[in-house]
Amino acid sequence: MSEPKKLYIKTYGCQMNVYDSERMAEALGGKGYVETQTPEDADMILLNTCHIREKAAEKVYSELGRFKGLKAEKPDLKIGVAGCVAQAEGEEIMRRQPLVDLVVGPQSYHRLPEMEAKTRQGAKALDTDFPEEDKFEHLKSRPKAKRGPTAFLTVQEGCDKFCAFCVVPYTRGAEVSRPVDRVLTEARDLVERGVREITLLGQNVNAYHGAGADGDWSLARLIWALNDIDGLERIRFTTSHPNDMDDDLIAAHGDCPKLMPYLHLPVQSGSNRILKRMNRSHDRDSYLRLIERIRAARPDILISGDFIVGFPEETEEDFRDTLDLVEQVKYGQCYSFKYSTRPGTPAAERPQVDDAEASDRLQRLQALLSRQQRELQDAMVGRTVGVLFEKTGRLDGQLVGKSDHLHAVYVQADASLLGQVAQVKIVESNTNSLGGVLV
Ligand code: 5AD
Ligand code: SF4
């Protein structure tokens with residue numbers, strides 16, 4: 001048998017992309033590819049791109065430029081671009097960077113094997129359609145390979161919300177939910193392969209409305225069905241929109257034993273004026289009331305969020321409303337960004353905030369957020385929490401895992417506990433992690 005061909009995938013951006021990269025590797029695995037961590041060894045290089053950050057496309061072009069030497073040395077090397085930049089730029093990528101052989105949008109990964117064959121015949125392959133079928137159905141898994149204890153499972157993609165700053169509705173398209181039976185089948189398969197924690201993924205995951213035998217299911221109902229899978233111990237989901245947090249989902253946070261006490265619920269701004277201009281369709285008070293209801297259901301839940309500062313026309317007063325909202329909510333973890341324009345989105349046309357001013361606001365917000373994050377992390381000391389051990393630590397006899405609240409926890413424990421959940425008493429809080437002892 002000939003040497004297997006090697007595939008190098010570089011993944012940018014969100015968990016959705018991490019998941020998609022795994023699926024692409026599986027699809028090409030069927031064509032004899034094995035993954036490599038070094039681009040120099042590869043017969044195919046795929047960049048799985050993200051469009052959410054500033055100048056995303058420019059960064060992809062400069063990354064591609066760096067493969068020129070490799071391609072000159074190895075004419076059989078095929079180079080592909082996947083993900084949201086592929087979707088947004090399409091054919092333009094091949095025009096601007098002729099060394100690219102393949103451009104594939106997030107909805108077309110099941111076509112990768114045929115596309116790869118096309119490139120082997122010396123042709124270019126492009127597919128950035130939004131097909132109707134379920135792209136995941138076509139991705140035949142390799143024989144049941146063992147998996148690590150945690151996995152992502154995409155249940156929903158795309159978004160109909162059209163926040164004024166965001167490219168997702170244009171690059172990932174309209175909201176689509178995967179049917180219930182497919183999600184449950186994939187979840188059972190993951191558990192058989194050793195997975196103990198599943199994070200359900202979607203750009204707007206709590207808008208999930210997948211088809212079941214008796215009509216559409218909500219995310220809450222899906223979570224309850226997952227809760228019944230033996231061997232699965234933890235369920236998480238991300239990312240949610242405040243307007244789609246229905247009563248059942250809030251209640252599940254109190255009642256569903258395997259649903260973890262952590263919720264990523266971006267608000268973006270604390271100013272009603274800015275929220276309106278962002279087309280967020282919720283306001284500051286409705287968000288604060290929602291947080292109260294969620295905490296009533298699950299008092300120790302850790303809330304995380306996303307913020308944008310320096311959105312067009314944001315004043316110092318608007319920004320103070322954001323700081324004030326943060327003070328009220330108390331976040332356990334946050335992602336905050338300086339607004340950056342995305343051509344084609346409504347906000348791109350509006351008067352921009354001075355860049356130095358925006359940077360200053362970002363710094364002030366991040367200082368407050370890291371203080372809060374540290375306070376909530378410190379407050380874990382003395383508590384006993386579940387920890388799912390994922391790998392060995394740097395010190396001898398040490399394991400590292402994630403707590404129920406998603407904190408990294410270091411514990412002296414036997415390696416036989418890898419892949420298991422154990423009860424751990426937290427004894428110390430460090431910069432980015434907790435230390436604990438088995439109870
Ligand atoms: N500028 C800055 N941040 C953005 N995000 C999305 N679009 C932009 C933009 N144009 C942030 C939002 C979103 C997160 C994934 O990225 O906070 O929730
Ligand atoms: Fe983008 Fe999220 Fe708004 Fe959808 S809800 S448009 S994905 S920020």
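The values are calculated or read from the model by the stated rules, or taken from the named source; none is laboratory data. What you see is a predicted model; the values in this text were computed from it and never measured. Virtual Cβ from ideal backbone geometry, glycine too; neighbours counted across all protein chains shown. Note: areas computed on protein heavy atoms with side chains; ligands, DNA, RNA excluded. Shrake-Rupley method; radii C 1.70, N 1.55, O 1.52, S 1.80 Å.
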Considering only segment 250-278, state which residues are within 16 Å of ligand 2 (Cβ to nearest atom), surrounded by 20 or more Cβ atoms within 10 Å (Cβ to Cβ) and assigned to a helix (DSSP H, G or I).
I274, L275, R277
Exactly one condition in (1) open to solvent by 60 Å² or more (accessible area, probe 1.4 Å); (2) touching a residue at least 12 places away in the same chain (Cβ under 8 Å) is false for L369; which is it?
(1)
For segment 318-330, does any single residue satisfy the condition of being touching an Asp or Glu at 6+ places or on another chain (Cβ under 8 Å) and either in a strand (DSSP E or B) or within 17 Å of S271 (Cβ to Cβ) (or both)?
no
Would a scan of segment 43-57 turn up a residue that is modelled with pLDDT of 90 or more and open to solvent by 50 Å² or more (accessible area, probe 1.4 Å)?
no
Take Q352 and tell me if it is exposed (fewer than 14 other Cβ atoms within 10 Å of the Cβ), of a type outside the set (A, V, I, L, M, F, W, C) and more than 22 Å from N430 (Cα to Cα).
no
Taking into account only those residues within segment 374-404 that are outside any strand (DSSP E or B) and hydrophobic (A, V, I, L, M, F, W, C), which is surrounded by the most Cβ atoms within 10 Å (Cβ to Cβ)?
M380
Kindly indicate whether any position in segment 203-222 is modelled with pLDDT of 95 or more, within 16 Å of ligand 1 (Cβ to nearest atom), in a strand (DSSP E or B) and crowded, with 20+ Cβ neighbours inside 10 Å.
no
Criterion violated by F237 - all others in (1) closer than 18 Å to R23 by Cβ; (2) of a type in the set (A, V, I, L, M, F, W, C); (3) part of a strand (DSSP E or B); (4) open to solvent by less than 20 Å² (accessible area, probe 1.4 Å) satisfied
(1)
Specify which of the listed residues (R320, R342) is within 28 Å of Q373 (Cβ to Cβ) and modelled with pLDDT under 95.
R342
Sort out which residues of segment 92-117 are within 12 Å of K78 (Cα to Cα) and either touching a His at 6+ places or on another chain (Cβ under 6 Å) or surrounded by fewer than 18 Cβ atoms within 10 Å (Cβ to Cβ) (or both), and write them in order of number.
P98, L99, A117
Can you tell me how many residues in segment 71-84 are of a type in the set (A, V, I, L, M) and modelled with pLDDT under 90?
1
Subset of segment 63-84 [open to solvent by 10 Å² or more (accessible area, probe 1.4 Å) and within 24 Å of the chain's Cα centre (by Cα)]:
E63, C84
With respect to L362, determine if the residue is modelled with pLDDT of 95 or more and not assigned by TED's automatic domain parsing to the domain that holds I274.
no
Please find, among S286, S281, the residue that is of a type in the set (S, T, N, Q), more than 18 Å from I198 (Cα to Cα), part of a helix (DSSP H, G or I) and in contact (Cβ under 8 Å) with a residue 40 or more places away in the chain.
S286
Odd one out for G158 among (1) away from ligand 2 (no atom under 16 Å from the Cβ); (2) crowded, with 20+ Cβ neighbours inside 10 Å
(1)
